[in-house]
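Since the structure comes first, as structure tokens, the remarks are kept for the end.
The values are calculated or read from the model by the stated rules, or taken from the named source; none is laboratory data. What you are looking at is a predicted structure, and each value in this text was computed from that prediction instead of being measured. Cβ coordinates were reconstructed from backbone atoms using ideal geometry, including for glycine residues, and neighbour counts include every protein chain displayed.
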Amino acid sequence: MEVQEVNIPTTVTDPHYRYKMPKIQTVLQGSGNGIKTKWVNLPEVTNALKVPLEYPLKFIGKELGSNTEVKSNGYLINGNHTAEKMQEILDKFIKKYVLCPKCKFPEIYGKIQIKKEKGEIRCQCRSCGTVSKLDSTHEFASYIKRYPPEYEKDDKPSGSGGGSKKDEKKLDATMRKNIRESSGKISKCIKNDGELNENIKIVNDILKKYNFPIDIKFYVFANGIFEKLLYTKSFEKRLPLIKHFIKNESDGNVDKALFFFLYGLNDFIFARNKGEGVKYLPSMMYYFYDKEILSEEFWRNVLDKKEQVKYNSELYNSENEKKFINACEEFNNWIKNGPYEGEEPKKEEKKDEKEDEKKEEKKEEKKEDEKKEDEKKDEKNEKKEEKNEEKKEEEKKEEEINIDDI
Ligand SMILES: [Zn+2]
């Protein structure tokens, strides 16, 4: 039977959201007063949530006021309960004990700790790093305190990782090895003067073996193809391959693929090559735009910080991203000012003095309008910055709960 997947939690409506769990499946057992609801796929659900098996069962039991049992023949809740109702309660559990209270991503697994003396349940987020308190007053909290989650070694904070890159810390060792290995293979095997189809096959054959999720696949792809020729003219030769991969090898997630492709380029420049070649970035970005690999709307979304939130990933590193965006400044401005303006004169070849005069007038008007727009923008930015300052203050306060405590 095919199991339907839903978002974690189901209140997130984005169909492309990366955190999924199987929908709850139940069957009824017994009858009359002895009727019980059997949660058929509890192990699959807890696997997706990365929580101990009993946690969601206990939580739902507490919420329904029903006893629960873990038996050899299954996971049971006394009474007749619909899967829909249980799913609703599971969302509540997820919001309380699976999502980071700050960024709302389910990234606190392996980092929940009980502070016995204070009776607190704390967690640290793998995604945003924030240390937060979880609800310690819910009836279920006493169960967590009595049976705190046990973690395997791999899940424990790994402080002594040998000084590897900040952004790779969150990826496990196998994934790091696979990333290095596969991107190395791509850069070795790809042919500088090869046919497009030949290179597509080479890259696909390598990537197939690893079965990476989209974010990592395109990160690897970028790291592989930029290896040797980022600063040479042969960059242009790569554009058809890049375009093909983003449009056709991304399972329809074109924006996501592009985002992590740029992420790979970003890391290639800043993490692997310490910023060398950064001056070529704006023109490279222009090439992506010109070859219709990157759209104006896409880049505006990145600048507005809409993309990375949607595609939360282990690869994310805010510092490197900031550097990348700053390095693209020329391109950013060009996009912000509307890239089509520069092309306008080409359309009208007729030389009519009056028309030219009108154009000049219009240009002047436009400039005035733009000035006003810019002033408005500046005001907005100032306000934004004020808000950011306030946020930072709040974050600082939160950070005072020392991470070392955990
Ligand atoms: Zn977080």
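List of remarks:
- Test: residue in the stretch 151-158 that is modelled with pLDDT under 95 and within 16 Å of the ligand (Cβ to nearest atom): yes
- Subset of the stretch 112-130 that is charged (D, E, K, R) and more than 19 Å from R18 (Cβ to Cβ) - its residue that is surrounded by the fewest Cβ atoms within 10 Å (Cβ to Cβ): E117
- Scan of the stretch 116-150 for residues that are at positive phi and more than 13 Å from the ligand (Cβ to nearest atom), ordered by number: G119
- Selection of the stretch 119-140 for residues being in contact with an Asp or Glu (Cβ under 6 Å, 6 or more places away or on another chain) and of a type in the set (D, E) yields an empty set.
- Condition met for L99 (surrounded by fewer than 18 Cβ atoms within 10 Å (Cβ to Cβ), at pLDDT 95 or above and of a type outside the set (S, T, N, Q)): no
- Those residues of the stretch 227-256 which are surrounded by 15 or more Cβ atoms within 10 Å (Cβ to Cβ), at pLDDT below 90 and either among the β-branched types (V, I, T) or closer than 13 Å to K217 by Cα (or both), in sequence order: E249, S250, N253, V254, K256
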